[in-house]
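Novice: Sharing a structure, written as structure tokens. Questions coming.
The values are calculated or read from the model by the stated rules, or taken from the named source; none is laboratory data. It should be emphasised that the depicted structure is a prediction, and the values quoted were computed from it without experimental measurement. Positions of Cβ are generated from backbone atoms using ideal geometry, with glycine treated the same way; all protein chains shown enter the neighbour counts.
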């Protein structure tokens, strides 16, 4: 009987996923995402960067598998008071995706610090979602002179062995991983399931 709620949840999740596969999703128009953007050179690979607005610097980091378009809706009001930096981590969005890249939180934090130092004089506020919180926290821990504060949205800070195995597998088949992540990103049922689960404390 204890397994019944989990089986029910799995069945509902599968049904939602199948239903969303039947629906057509609108194509994501990224043209606005590219206006004023550039690729910053780094020894590990080029990083997508875009600045909007003026004022104190705020850096926005998306979550695992995401890109800075995540911040599309919240950027306009923020940009009226802040200089908002969209930054795609290495392996995400429009940034380079080297097959043998170091994607640990510490390596991502080092890259963020390297590219921000010349772009944002002084300390920055870092806003990070989901697994983007890992490099944000690592940056604050290792480069406190760069970070004025952290805003962590639904942070995912403790990767388990299952996630590490999934990341290793994904790095071995980058094209297949990209196809799967793109498909999941556009599935309304998947987004609904994630939002529903996110409303409950573990």
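Novice: Would you check which residues across the range 41-61 are surrounded by 16 or more Cβ atoms within 10 Å (Cβ to Cβ) and closer than 14 Å to residue 117 by Cβ and list them?
Specialist: 42, 47, 49, 57, 59
Novice: Going by what's in this entry, would residue 51 be described as in a strand (DSSP E or B), more than 21 Å from residue 156 (Cβ to Cβ) and under 19 Å from the mean Cα position of the chain (by Cα)?
Specialist: Criteria met by residue 51.
Novice: Among the residues of the range 78-94, are any touching a residue at least 12 places away in the same chain (Cβ under 8 Å), assigned to a helix (DSSP H, G or I) and more than 17 Å from the chain's Cα centre (by Cα)?
Specialist: Looking through the range 78-94, at least one residue is touching a residue at least 12 places away in the same chain (Cβ under 8 Å), assigned to a helix (DSSP H, G or I) and more than 17 Å from the chain's Cα centre (by Cα).
Novice: Also: Could you list, in sequence order, the residues of the range 117-135 that are more than 15 Å from the chain's Cα centre (by Cα), modelled with pLDDT under 90 and crowded, with 22+ Cβ neighbours inside 10 Å?
Specialist: Result: no residue meets the conditions.
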